[in-house]
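One structure below.
The values are calculated or read from the model by the stated rules, or taken from the named source; none is laboratory data. Note that the structure is a prediction, hence the values are computed from the model and not measured. Here the Cβ positions follow ideal geometry from the backbone for every residue, glycine too, while neighbour counts run over all protein chains shown. All accessible areas refer to the heavy atoms of the entire protein, side chains included, with ligands and DNA or RNA removed. Shrake-Rupley method; radii C 1.70, N 1.55, O 1.52, S 1.80 Å.
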Amino acid sequence: MDTSLSPIITVEELLLIKSRENLVIIDASNAKDAYADFKRGHLDKAVFVDVHTQLASVQQDVSDGGRHPLPSIAKFITVLDNLGIYKDSHVVIYDHAAGANAAARFWWMLRAIGHQKIQVLSGGFEYAKNKGFPISEGESASPRGTDYTLDGNWTLPTVDIHEVERASADHGYTIIDVREESR
């Protein structure tokens, strides 16, 4: 796995590479009206991904896997196809929470299938807009296609609620909850 690429990219660095053919910019914002916000304004050439329907397999009963359980690999490959992400794509992800929310989740998901060139935009949408990154409105055309195939399961470790419960009773573990304080 290539570790030379920083997981974070600055607006200035993104501006330097924004015309590269293999660059895919993803808006992974997670606000209540995220898609409507996307259509009102997004980074030029960005494609929208929905955390609720594309980056999760939300169950009727949230006690079954939590609020946003990971989708199956098959569903995730379909998402990559819809977004036009290939194995050699340089994917830059942003959200409206300065990268601390759904952008980080999508980064992890891509890393967990072995994708090499993934970065989260430092500061997110508003910061990039204020720094002069070109903004577009409306829908964005995403080039369909991927060369990812079903290769099994997530390659990075995952745990279920039972493992978290066991670890919480063991002082040898530290559990970090990244949800908003209100949750």
- List the residues whose amide H sits under 5 Å from the amide H of residue 45, counting only those 5 or more places along or on another chain, with H placed 1.01 Å from N in the peptide plane. none
- Leaving ligands, DNA and RNA out of it, report the carbon-plus-sulfur percent of the accessible area of the stretch 8-151 at a 1.4 Å probe. 51 percent
- Distance from the Cα centre of the stretch 74-134 to that of the stretch 24-46, in angstrom? 11 Å
- Given a Förster distance of 30 angstrom, what is the FRET efficiency for residue 18 paired with residue 74, based on the Cβ-Cβ distance and rounded to 0.05? 0.40
- Task: Please give, to one decimal in nm, the separation of the simple spin-label points placed at residue 136 and residue 4, each 7 Å out from Cα toward the Cβ.
- Result: 3.0 nm
- Query: Considering only Cα-Cα distances, which of the following residue pairs are longer than 21 Å: 45/129; 75/129; 45/75; 18/117?
  - Reply: 75/129; 45/75
- Message: Can you give me the accessible area per residue for the stretch 8-151, using a 1.4 Å probe, in Å²?
- Response: 48 Å²
- Message: Let me spell out the model: positive unit charges on the Cβ of Lys and Arg, negative unit charges on the Cβ of Asp and Glu, origin at the Cα centre of the stretch 8-151. What dipole size does that give, in debye rounded to 20?
- Response: 160 debye
- Grab the Cα-Cα distance for residue 40 and residue 126, subtract it from 0.36 nm times how many residues apart they are, and report the gain in nm with one decimal. 29.7 nm
- Ranked output for segments 36-42, 106-112, 143-149, 158-164 by mean other Cβ atoms within 10 Å, highest leading, reads 106-112, 36-42, 143-149, 158-164
